[in-house]
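The values are calculated or read from the model by the stated rules, or taken from the named source; none is laboratory data. Note that the coordinates shown come from a computational prediction; the quantities given were computed from them, not determined experimentally. Positions of Cβ are backbone-derived with ideal geometry, glycine not excepted, and every protein chain shown enters the neighbour counts.
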Amino acid sequence: MISLFPVQSELSFSDYKLLLEVNEKLSEKGLTPEELIQSVSAQLDAILSEGERPEDEQKASILKLISQASQALIDPSPKEKSVVSPLWSFEEKDKFARKRVKGRTLTYEFSRMSKVIQDELDKAINEVLDRNLSQ
């Protein structure tokens, strides 16, 4: 990866440390530095073709490019977000009843419900589960 930099003497200790960390993360995921280099080659050519840029700016741009590309290779899947839908609207801001769905996980969330309501919810949930899941 050091060969990506036109002037390697511009690299500082922290730059080498960053490159080492990127290399270690790639190795953990079973990827090679060559795969990273291939993924950034077009952007790297664009950075290097701007000959009038100072060497330290080129170095900073290349480091940023390597950092971003390695993150994209290491963790390509975006996090799945949960969908929250309110079940009831309350006048108090600290009270809520809502349903949260994330993938195949379903969660009902309640805040500041009385003991009577909690007991009724438990009973209703148990009845539905018994009716549909008991054999």
(Q) Out of E120, E55, I need the residue that is at pLDDT below 95 and of a type in the set (D, E, K, R). Which one? (A) E55
Q: Mind counting the residues in segment 60-93 that are modelled with pLDDT of 90 or more and either charged (D, E, K, R) or touching a Pro at 6+ places or on another chain (Cβ under 7 Å) (or both)?
A: 3
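Among K25, K64, which is the only one that is out of contact with any helix residue (DSSP H, G or I) (no Cβ under 6 Å at 6 or more places or on another chain) and either buried (at least 16 other Cβ atoms within 10 Å of the Cβ) or in a helix (DSSP H, G or I) (or both)?
Details: K25 fails: out of contact with any helix residue (DSSP H, G or I) (no Cβ under 6 Å at 6 or more places or on another chain).
Within the list K25, K64, the selection yields K64.
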**Q.** Within segment 28-61, considering residues that are closer than 17 Å to P6 by Cα and among the β-branched types (V, I, T), the one surrounded by the most Cβ atoms within 10 Å (Cβ to Cβ)
**A.** V40
Q.
Could you tell me how many of the residues in segment 77-101 are surrounded by 11 or more Cβ atoms within 10 Å (Cβ to Cβ), small (G, A, S) and assigned to a loop (DSSP other than H, G, I, E, B)?
A. 1
Q. For V84, are the conditions met, namely being of a type in the set (A, V, I, L, M) and under 30 Å from S114 (Cβ atoms)?
A. yes
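If the requirement is being in contact (Cβ under 8 Å) with a residue 40 or more places away in the chain and either assigned by TED's automatic domain parsing to the domain that holds L11 or at positive phi (or both), which of these qualifies: K59, K64? Lay out the reasoning, then the answer.
On the way: K64 fails: in contact (Cβ under 8 Å) with a residue 40 or more places away in the chain.
After ruling out the rest, the residue left standing is K59.
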Q | The one condition in (1) surrounded by fewer than 13 Cβ atoms within 10 Å (Cβ to Cβ); (2) touching a residue at least 12 places away in the same chain (Cβ under 8 Å) that A69 fails to fulfil | A | (1)
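Being among the polar types (S, T, N, Q) and more than 30 Å from S14 (Cα to Cα), is that true of even one residue in segment 50-70? Spell out how you get there, then give the answer.
If we filter segment 50-70 for residues that are among the polar types (S, T, N, Q), which is where we start, we get 58, 61, 67-68, 70.
Still in the list and also more than 30 Å from S14 (Cα to Cα): none.
No.
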